[in-house]
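Since the structure comes first, as structure tokens, the remarks are kept for the end.
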Amino acid sequence: MKLLSIIIPTYNMEHLLSSCLDSLVLSSAATSLDVVVVNDGSKDRSLEIAQRYAERYPSVVRVIDKPNGNYGSTINAALPTLKGAFVKILDADDSFDCRQIAPFTEYLSKVLGADMVVAPFTEITHKGCRTVHYNLYSRDKYNVGEIYKIDDILSQNKIQFFMMHSIAYRTELMQQIGYRQTEGVSYTDQQWCFFPIFFVESIAFSDIALYRYNLTREGQTMDAQVQLRSIGQMTAVVASLARYFAENKDKIGYVRRKFLEGVVMRRMQGVLRKYLLEMDEATFSAEEFNHTLSIFDAIAPQPLSVPVNNRLNIDLLNRWRVHGTRYPMWYLKVLRFIDSTLVGIYRCLFG
């Protein structure tokens, strides 16, 4: 029985794809995996490398070769073909902890009734590694192996959001709801963490850090400078979350509605914060910002505000609405320093 399908979106990853695949096929539990490499029109040797693994490990690795359509199109191409009980996404520049695949798949076999499984992951930076837990803002943990009703969990307000690296969904659920991501833009992993929550009824928690999230590669979409250059794509994805929420919020109960509303608001705040705090003068465009703000104002579930962070409640957006300008650059630099310091302190205490 295939317990876990793994979708690997791949575009020009010839230098990292082999290490990604090795972390899967060299596991003692590789036969329980259904690995689908989706080559998104790569111009390098990514397809050749993927096909070589498929030939060597035909019972584990499959390849889908398609024209370039960006991240979401790779997920859409793979989902209907999956054979595993659960599905996770693994970016080609990341990897799984090979030693943890066997215990993780064994764990999955014990929670087959869950729609969603959430686990910690390892974040790798130039400064080292740290484990990121699902209870990012809470020290409380849930019983490993117990299947909970998701509304019971969300009602406790101990989880503010989910991250792609933590999530595995029941494959049949994703296929039944006809899940699809937006094609042609990046950052649609936010949709993976959002749309299915409207349909998930049960959730289980693992303490196994399977996913190894690599933040050391230059030019990746999560790089701060890449995000600033791609902010139009981020805006489009966040707007898709808000519109979906508006169209479907009456189909879900109060608890889930408040949770997903909070996700939408924080995503909008994140985009606006990049404009108001993180962009330098040369990059910032008042016209582009006002356009983004008008989109968000029209679809936001609540009136928008943009605090620097959860501890420093200075509303960056109020300044813009009143004066039509950002704070002076010297003041923004001070706020950035305070923000990074608070984040550092929090990670020392709770990381």
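Any read-out appearing in this document is the output of simple, stated calculations on the displayed coordinates, not a laboratory observation. Because the structure is a prediction, the values reported are computed rather than measured. Here the Cβ positions follow ideal geometry from the backbone for every residue, glycine too, while neighbour counts run over all protein chains shown.
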Please compute the contact order of the stretch 224-350 in relative form: average sequence separation of alpha-carbon pairs under 8 Å and at least six residues apart, divided by the residue count, as a percent. 23 percent
Kindly state, as a whole number, the per residue volume in cubic angstrom of the convex hull around the alpha carbon atoms of the stretch 224-350. 120 Å³
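Can you figure out the FRET efficiency of T283 with K141, using R₀ = 51 Å and their beta-carbon distance, to the nearest 0.05?
Details: r = 41 Å, r/R0 = 0.80.
For R0 = 51 Å, the calculated efficiency reads 0.80.
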So how much slack lies between R99 and L312, counting 0.36 nm per residue of separation and subtracting their Cα-Cα distance, in nm? 72.6 nm
Hey, if you put +1 on the Cβ of every Lys and Arg and -1 on every Asp and Glu Cβ in the stretch 4-214, which of V25, N70, G113 ends up farthest toward the positive end of that dipole? V25
What one gets for the stretch 15-138 as the Kirkwood radius, inverse of mean 1/r over different Cα pairs in Å, is 15.9 Å
Calculate for the chain the 222 nm mean residue ellipticity that helices alone would give, adding -39,500 (n - 2.57) per DSSP H run of length 4 or more and normalising by residue count, nearest 500 deg cm²/dmol. -12000 deg cm²/dmol
Count, lysine Cα pairs under 26 Å in the stretch 4-214, 8 or more residues apart or across chains: 16
Work out the length of the dipole vector of the stretch 1-114 about its Cα centre, built from +1 on the beta-carbon of each Lys and Arg and -1 on the beta-carbon of each Asp and Glu, and round it to the nearest 20 debye. 360 debye
What length, rounded to one decimal in nm, is gained on full extension from Y254 through to Q160, with 0.36 nm per residue of separation minus their alpha-carbon distance? 32.3 nm
Rounded Å value of the spacing that divides the Cα centres of the stretch 1-18 and the stretch 279-328: 38 Å
Principal-axis tilt of helix 329-350 within the chain, Cα atoms, nearest 10 degrees: 40 degrees
Hey, can you grab everything whose amide H is under 5 Å from the amide H of V38? Only 5+ residues off in sequence or another chain; H modelled, so Pro and N-termini drop out. I8, T10, I64
Let me spell out the model: positive unit charges on the Cβ of Lys and Arg, negative unit charges on the Cβ of Asp and Glu, origin at the Cα centre of the stretch 224-350. What dipole size does that give, in debye rounded to 20? 480 debye
Place a +1 charge on the Cβ of each Lys and Arg in the chain and a -1 charge on the Cβ of each Asp and Glu, then give the dipole magnitude about the Cα centre in debye, rounded to the nearest 20. 640 debye
Quick one: if you take sqrt(5λ) for each eigenvalue of the C-alpha gyration tensor of the stretch 4-214, what semi-axes come out, biggest first, whole angstrom? 27, 18, 17
May I ask you to sort H15, H165 by Cβ crowding, counting other Cβ atoms within 10 Å and putting the fewest first? H15, H165
Would you list, by chain and number, the aspartates and glutamates whose Cα falls below 15 Å from the Cα of K333, excluding same-chain residues fewer than 8 positions away? E278, D280, E281
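What is the chain's relative contact order, in percent, from Cα pairs under 8 angstrom and six or more apart in sequence?
16 percent.
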